[in-house]
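All of the numbers you see were taken from the coordinates with simple rules; none came from a lab. Just so we're clear, the structure is a prediction, and the values are computed from it rather than from any experiment. Note that each Cβ is placed from the backbone with ideal geometry, even for glycine, and that neighbours are counted across all protein chains shown.
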Amino acid sequence: MIILPFLHFFAFIICLFLTGYVFFINTRSLLNRTCSILLFCYALWNFGDIIVHNPDRAITEGTVIMIQDIASFGWIGFASALLCFSLVFSKKTRMLKKPWFLFCIIVVPLFFIYLQLTNHLTVNPARQPYGWSFDWTNTVSTFAFYAYCLVFSLVSMLIIYDYGRKTTIVNEKRQATIFVISSGISILAGTLMDVLLQAAGIYTFPPVANLLVCFFTIGVLYSIYKYRFLTITPMVAAESIISAMDEFLILLSREGTILKINKATADNLQYVQKELEGSPITVLFQDDSNKEKLFEQITGHETITNQDGSLVAKNGRNVPVIFSSSRLKDSTGMVIGIVFLARDITTYKQSEELLRMSENRLSLIFNNNHDRQLLMTVGYEGELRVASINQQYLDSAHSFGYRISVADVIGQPVEYLLRELIGIKGDLLVATLVFYRKAISSGKPVFYDEDMETPGGHYFSEVSIIPVPGADGSCAFLLWTSHDITGRKKAEKEIRKLNESLESRIAERTAQLEASNKELLFNNGEIEQFTYIASHDLQEPLRTLTNFTQLLKEEYTGQIDDDGSKYIDYINSAASRMRELVTGLLKYSVLGIEMETRIVSCNKIAGEVLADIEDLVRESQATITIDELPTINCYETELRLLFQNLIINAIKFRRQDVLPDIRLSAEMREKEWLFTIRDNGIGIDEKNRDKIFIIFKRLHKSGDYPGIGIGLAHCKKIVELHGGKIWVEGEAGKGSTFCFTLPCIAEPAEVPGTDHIVVPDTTGLFLPDLKILIAEDDDVSEMLITIKVKPFAREILTARTGGDAVEVCRNNPDINMVLMDIRMPGINGYEATRQIRKFNQDVIIIAQTAYGLSCDREQSIDAGCNDHIAKPINKDELLTLIHKYFNN
């Protein structure tokens, strides 16, 4: 083992020499400095082992410990130095500028050096045949040191490997390969010798990792010699420049044979260098008549400069190039080769073609534009000259009587064109030139209208002046465009005349409409008057007949024989039918007068109808199915009447042996809803399908089926009021299907519930003792109402007019209930109710009407009434209201 110190000395000299050489050949290079620091760590490591691995017995334990501590700066610090070297080599120097990174690579090795100096890493020096050996402390510090060395070393190798894989510089790629291999051998072998064997307690073999790192040192030395690592020489610079060139560089022999190509040539022409070496340059030329001539130019005595041509890639693609060639001579002037240099101009050629096409398109647009256009150049101090003029400008000038040609205007000042050729002078010329100057100074388009008197007539146009910037951003051109609006101006003049005529006709028509509106208001007034008569005066005698026949039967029971009772029933029946006819005719006449539509759910309407006729449904044991119905915009009251009439008809005209089964459904058809009400009743003969919708037209005897023959006439008018149609399908004895259409003008909505309305049972009802005011202008009606309210009245007051009713209530604040007729002399029942509510909010006011209009109930509630009852007053209905408001 006597040779071991000499090996360490030799490694120390090599590392130390390379440290100085690398540092001094380029002291400014960060790569040189980090490499020299790494090599110095290896030198210091080997210097320590010259003493430690010396078998000389004269060397004491104290000397060995001191030398081991000095050498620890090398064998501990090399991992940080290697990491810094790898980052600089891979051009990731930004990491070295981060404070936290610098802290790690400096403080971590200093911490482990401190541990070594305080005997926390290597301990227990012992003599061996080869010198001295040390044990590693079995502590966390030792394992942390192992981790530090391995992690920093492996990360460094990965950084260098990754950079070598990605770089396009051939020399750097080869250098990276050398460093990864040499570092890998050093780290793996050194770990085995200095860590694993020592940890296993094997001291037969000396720890010689510092000798193994010489592999890395040899790699650096080889890279310096072979690939000019850490040095800049003309050859290295030339190789780097050639490798980085975008141009094609081909080195030829005197005979035109390819000797070498650069990377750009291989990449763009898709060749491998070995595929072209030894081949004539003609393999890259197209097979045409110029191929031989071009070859002679390159290999001859000519120097070619910037000549257009094309090279053929391996896949047959033609690559347009601009190329040059020159001869290489030695010191004696003899030609030793040819340099062929070319640049790929594919993009330039494509841009050139696009520019040419763009210019052609612009020229085509310019010359075929229907507007007059003039392109002007902006010269020094804003001088304007004509650059181009389109055909439309010339044609228009000829039509105006001006004889000009392209030769007359191109290159001429614009002022000359306007003044001498077009004839624009004075203030108009000055104003026109002001617009031009404004466009130049602002750099924004200018628009104005032009009104000219030409030899060919009056001319109107819309003019735009658009500045076109040049390369420096200033205005280089002005594009003047004139759009002829002469025809439009003439049309506007004609439109003004038509508008004046139209306004006169509108005024005349408006006067006619006003007259029609007055007539319509008069007619509406007559309808209202008829409504009043039908709902009040005409029905009053009928109510009297009905009420008194009812009183005769109630008050004189047992005093009238059977014939008398029968005659009274005949009178009562006839009066009731007459009242139904009048009421039905009234309702038919006022349908649609209140033309206010709203969005409503048909399911909600159908549910309310079923609640209203609950007794009829229960009595007939009918099964009524209502499918999902739409939400539509309609006349709500009329729609409710439509559903009610059709459902009641389906129940009424049922077969005797079959329980009614009715289904109401709807389906979408284009822009309308088709509603169907299908039943299993008696059906309708085909010959009678049109007759059933005629008012008062009955197909059956009144004794067979009740009714006055107006319900389906109502339905027809309601459907037509909405813009729809109604018809019936089916056969006699097999049921009927009534179909009608309504416009589809709303989206479906959630179907609300259909709670039933139940009339309470008045049997055994508690009767309160009330003070009642009867406001009624008819003697008979007053007498009938008085008879019916006597059982629950302690005092009855009367009033014949609305004003009297107000005064009676004012003088008797203890009145419990007012039965208010809505039709009275003076102020009507609605206004009387409003005035009473001003001083008495508690009194119960029941409006009594003849149900002349369907909106009577709503108007009564709006006026302040608590409820509403129809004439003739039904005793049970009156008792229900008493129960509702006074039973508690």
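If the chain between Y448 and R669 were fully stretched, how many nm would it gain, using 0.36 nm times the residue separation less the Cα-Cα distance? Please report the intermediate quantities before stating the final value.
Working: separation 221, 0.36 × 221 = 79.56 nm, distance 5.53 nm.
Gain in length upon complete extension: 74.0 nm.
Which entries of K566/K884; K518/K871; K566/K717; K518/K838; K314/K349; K604/K717 show an alpha-carbon separation above 32 angstrom in the structure shown?
Values: K566/K884 36 Å; K518/K871 35 Å; K566/K717 38 Å; K518/K838 37 Å; K314/K349 21 Å; K604/K717 22 Å.
From K566/K884; K518/K871; K566/K717; K518/K838; K314/K349; K604/K717, over 32 Å: K566/K884; K518/K871; K566/K717; K518/K838.
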Nearest-0.05 FRET efficiency for R356 and I218, computed from C-beta distance (R0 56 Å): 0.35
Local electrostatic count at V208 - Lys and Arg +1, Asp and Glu -1, tallied over other residues with Cβ under 13 Å: -2
Formal net charge of residues neighbouring A650 (Cβ-Cβ distance under 12 Å; K, R +1; D, E -1): +3
Straight-distance crosslink candidates among lysines, where the alpha carbon sits under 19 Å from K91 and sequence neighbours closer than 8 are dropped: K166, K173
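Sorted from largest to smallest, which semi-axis lengths in Å does the alpha carbon gyration tensor of segment 69-122 give for its equivalent ellipsoid, taking the root of 5 times each eigenvalue?
Numbers: eigenvalues 125, 29, 6 Å².
That gives 25, 12, 6 Å for the three semi-axes.
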Under 11 Å, Cβ to Cβ, from I336 - net charge with Lys/Arg +1 and Asp/Glu -1: +2
Cα→Cβ-extended label distance, 7 Å offset, between I106 and Q273, nm: 4.4
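By average Cβ neighbour count within 10 Å, what is the ranking of 214-222, 268-276 from highest down? Numbers along the way, then the final one.
On the way: 214-222: 19.2, 268-276: 15.4.
The most tightly packed comes first, giving 214-222, 268-276.
Set the Förster distance to 25 Å, then compute FRET efficiency between E292 and S324 from the Cβ-Cβ distance, nearest 0.05.
Working: r = 20 Å, r/R0 = 0.78.
Approximately 0.80, to the nearest 0.05.
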Set of segment 161-184 residues, backbone N closer than 13 Å to the point 7 Å along the Cα-Cβ line of N26: 172
Proximal lysines to K489, defined as alpha-carbon separation beneath 17 angstrom and excluding residues fewer than eight positions away on the same chain: K497
